[in-house]
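J.: Here it is, the structure, as structure tokens.
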Amino acid sequence: MPGELGRSARAVQEALDAAGLELRVVELPASTRTAAEAAAAIGCTVAQIAKSIVFRASGSGAPVLVIASGANRIDEGVVAELVGERIEQARPDFVREATGFVIGGVPPCGHAQPIRTFVDRDLLALDEIWAAAGTPHAVFRLTPDQLTVLTGGTVASVGARG
């Protein structure tokens, strides 16, 4: 039935509802897998895309989520320092197991397990941002303050322009 959210997007909507936030997941016909695709599909700037990147802490094997401005690349050295151990790019199966979602659709909430989260300080300068909502076609709009409350994330300068 048109208008109904798919399973993964619905799980994100339920997490938003459980957090008491009046935010709505929307599914778009165009892909939002990359920050550039998402910005084009939504009609916003790349900087307004809150991209979720999952890393794996090398020693402990713990997942680490970094939510960065789509205009920034993540400085992995800075993140490793914040985590207190080396990090590595997470493999797709690790991302799916840790979050319950596929790469390109990882939301900032509703994960399969608690994940230590860092929020890019550059996102706080924006009035509104857009985050993935469970699939490469689903997103939701929120404010940076809502993002920090929703994730319980630590705000840090984790991005490098580029």
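Rule-based calculations on the coordinates, nothing more; no lab input. Quick caveat: nothing in here was measured; it's all calculated off a predicted structure. FYI the Cβ positions are ideal-geometry reconstructions off the backbone, even for glycines, and counts take in every protein chain you see.
J.: How much net charge surrounds Val64 when only the other residues with a Cβ under 13 Å from the Cβ of Val64 are counted, with Lys and Arg +1 and Asp and Glu -1?
T.: Summing Lys/Arg as +1 and Asp/Glu as -1 gives -1.
J.: While we're here: So if the hydrodynamic radius of the range 68-110 is defined as the Kirkwood radius over C-alpha pairs, what does Stokes-Einstein give as its diffusion coefficient at 4 °C and 1.567 mPa s, in µm² per second?
T.: 109
J.: Hey, another quick one. In whole Hz, what ³J(HN,Hα) sequence does the range 80-90 give by Karplus (6.51, -1.76, 1.60; θ = phi - 60°), x for Gly and Pro?
T.: Each residue of the range 80-90 in turn: 4, 5, 5, 6, x, 7, 5, 10, 9, 4, 7 Hz.
J.: For the chain, give the magnitude of the charge dipole about the Cα centre (Cβ charges: +1 Lys/Arg, -1 Asp/Glu; no others), in debye to the nearest 20.
T.: The dipole magnitude comes to about 280 debye.
J.: If you don't mind, there's one more thing I want to ask. Can you give me the long-range amide H partners of Phe118? Hydrogens built in the peptide plane at 1.01 Å from N, cutoff under 5 Å, separation of 5 or more residues or another chain.
T.: Long-range HN contacts for Phe118: Leu65, Val66, Ile67, Thr154.
J.: On to the next question. Would you please give the FRET efficiency between Ala125 and Ser58, computed as 1/(1 + (r/R0)^6) with r the Cβ-Cβ distance and R0 = 41 Å, to the nearest 0.05?
T.: Rounded to the nearest 0.05, the efficiency is 0.85.
J.: Turning to a different aspect of this structure: Among DSSP beta bridges lying fully in the range 7-161, give the percent that are antiparallel, nearest 5.
T.: Within the range 7-161, antiparallel bridges account for around 70 percent of the total.
J.: Still on this structure, I have one more. Considering only the other residues whose Cβ falls under 12 Å of the Cβ of Glu97, what net charge follows from Lys and Arg at +1 and Asp and Glu at -1?
T.: Taking every Cβ under 12 Å from that of Glu97, the sum is +2.
J.: Each residue of the range 24-38 in order: what ³J(HN,Hα) in whole Hz does its phi give by Karplus 6.51 cos²θ - 1.76 cosθ + 1.60, θ = phi - 60°, with x for Gly and Pro?
T.: 10, 6, 10, 9, 10, x, 8, 5, 10, 4, 10, 4, 5, 5, 5
J.: Can you bin the range 78-162 into rounded, prolate or oblate? Criterion: square roots of the alpha carbon gyration tensor eigenvalues sorted a ≥ b ≥ c, rounded for a/c under 1.5, prolate for a/b above b/c, oblate for the rest.
T.: Oblate, since a/c reaches 1.5 and b/c is not below a/b.
J.: How long are the three semi-axes of the equivalent ellipsoid of the chain, in whole Å, if each is the root of 5 times an eigenvalue of the C-alpha gyration tensor, listed from largest down?
T.: So the three semi-axes of the chain are 23, 17, 14 Å.
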